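Remarks on the structure that follows.
Derivation of every value follows stated rules applied to the coordinates shown; laboratory data play no part. Keep in mind the model is a prediction, meaning the values are calculated, not measured. Glycine also receives a Cβ, built like all others from the backbone with ideal geometry; neighbour counts cover every protein chain displayed.
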Amino acid sequence: MTLKRRILILVTAVLLLAAVGVLAVVRASSRAEEKNQARAGGPQVTRGAVSLAPGGDGRRIVFRNMAWGPHRDELATVPAAAPEGPRTASGVSCLRFHAAAGTGICLRADKGGVQEGYRAVVLDAGLEEVAAHPLAGIPTRARVSPGGHLVAWTVFVGGDSYAGTDFSTRTSLLDLRTGKLDASLEDFTIRKDGKEYRNADVNFWGVTFAADERTFYATLSTGGRTHLVRGDLAERTVTTLRENLECPSLSPDGTRLVFKKRVPGLPAEAPWRLHVLDLASMAETPLAEERSVDDQVVWSGDRTVVYSLPGDFGADLYSLPADGGGAPARLTASALAPAFLG
């Protein structure tokens, strides 16, 4: 092959790669623009005031709006009694969100720099920023304590799915009463099987808080297994309680945890089923949802849980009795990361 022919082949290859790159950018831009256009038959969404304050205009849901249109990804609200009704959008965008007692935690993309990063932003009742911390990875879980004094978040710092084994997480706790940030739960003392435990492969995720604003529960992963742990913020300890529990969520009365559990025999990409654990008896009850739920469930009351499943525009919210009976029912379409307030 002559030098001239080699150069011609090289130039042709470079031009083809450039064309593919341009086409990918155009398609991505077109897709993004499509998501900014409201879809016929979708929920009605209008800009307005959204509050996280207790009480207010009655019981309501605040969530990440996933409906296509100019308010996609913004925090929006609907009355809890009319979850499929018209939405009020706030103008505040979050990837993950939770709120309680007038405090919100918003994990958002930070596009201010050359390379996109992420921030954890603490919001007051009027959705104004009161504190912010850079995130070390991709947002995945967020929680506020019942009294609104503690917030927690989890990010992926490697890998992209709980269904695999090649990932690492970092979970942080922030005490708003003192401003103290525990950047990683891995700094806490671990008590496993009655002994202090250390291992380089330790990961935590999915914090949920008790009403005493000190106790919390979370998932600990080590040695290829997951464990439910109970944490003590004052003592800076976590103690293992049970295996094969992920993303716990404590009921409002503090007596039960809803969680996702790996069930043998299910596909590797969809391995979970929802269960409820009674903390007094440590008895587990499987819930009546046969689909795999990869979410940290929330409680809408002491008897009902709410979770997300993939939908036409990203995710839909479903509700389910917490006693093992009944059947799942779609609560709100095109929504994610709900908080029940009021």
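Computed with the Debye formula from one identical point scatterer per Cα of segment 180-302, without solvent, the log10 of I(q)/I(0) at q = 0.18, 0.19, 0.22 Å⁻¹ comes to -0.98, -1.08, -1.37. Checking every one of the GluC sites (Glu not before Pro) in segment 264-342 against DSSP loop status and a limit of 14 other Cβ atoms within 10 Å picks out Glu269, Glu290.
Within a straight-line Cα-Cα reach of under 17 Å, Lys111 can be paired with the following aspartates and glutamates, leaving aside sequence neighbours fewer than 8 residues apart in one chain: Asp73, Glu74, Glu129.
When the Cα positions of Leu241, Gly301, Gly231 are compared along the charge dipole of segment 171-311, Leu241 comes out farthest toward the positive end, with charges on each C-beta of Lys, Arg, Asp and Glu. Relative to the Cα centre, the charge distribution of segment 199-294, modelled as +1 at Lys and Arg Cβ and -1 at Asp and Glu Cβ, gives a dipole magnitude of about 160 debye.
Can you give the local net charge around Asp110? Use residues other than it whose beta-carbon is closer than 10 angstrom to its beta-carbon, Lys and Arg +1, Asp and Glu -1.
On the way: positive: Arg108, Lys111, Arg119; negative: Glu116.
Every neighbour counted, the sum reads +2.
Within the set of other residues whose C-beta is less than 13 Å from the C-beta of Tyr217, count the net charge using Lys and Arg as +1 and Asp and Glu as -1. The partial results should precede the final answer.
Working: positive: Arg141, Arg143, Arg214, Arg230, Arg242, Arg256; negative: Asp212, Asp232, Glu246.
Residues near Tyr217 contribute +3 overall.
Taking every alpha-carbon pair within segment 263-342, the share separated by more than 21 Å comes to 29 percent.
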